[in-house]
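Bear in mind these aren't lab numbers, they're just calculated from the coordinates by the rules spelled out. Here the structure is a predicted model, which is why all the values come from computation and not from measurement. Cβ coordinates were reconstructed from backbone atoms using ideal geometry, including for glycine residues, and neighbour counts include every protein chain displayed.
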Amino acid sequence: MTCDEPEELPRYQVRREMPGGWSVIDTFTSLPAATDGRDLVGLSKQDAEDIAAELNDSAAEGRDPLV
């Protein structure tokens, strides 16, 4: 019998805010991701998805995604 490894969740996920913006959340801290002193909140859905995808790609490649 083989044991399948659980699929790793992405570190950065997109969450809807109230009243309608979107945030990129760092799942390690459960806080909004931040870069250049700016929290990644109040974004359009498309921007949040694009940023989260880039951050996850960078993290998967071993690069610090927020530099």
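Among the residues of segment 29-67, how many are part of a strand (DSSP E or B) and over 9 Å from the mean Cα position of the chain (by Cα)? Residues meeting the conditions: 6.
For segment 40-67, what are the residues that are surrounded by 13 or more Cβ atoms within 10 Å (Cβ to Cβ) and in contact with a strand residue (DSSP E or B) (Cβ under 7 Å, 6 or more places away or on another chain)? Walk me through how you get there before you give the answer.
Of segment 40-67, the ones surrounded by 13 or more Cβ atoms within 10 Å (Cβ to Cβ) are 40-43, 47-59, 65-66.
Result: Leu40, Val41, Leu43, Ala48, Glu49, Ile51, Ala52, Leu55, Asn56, Leu66.
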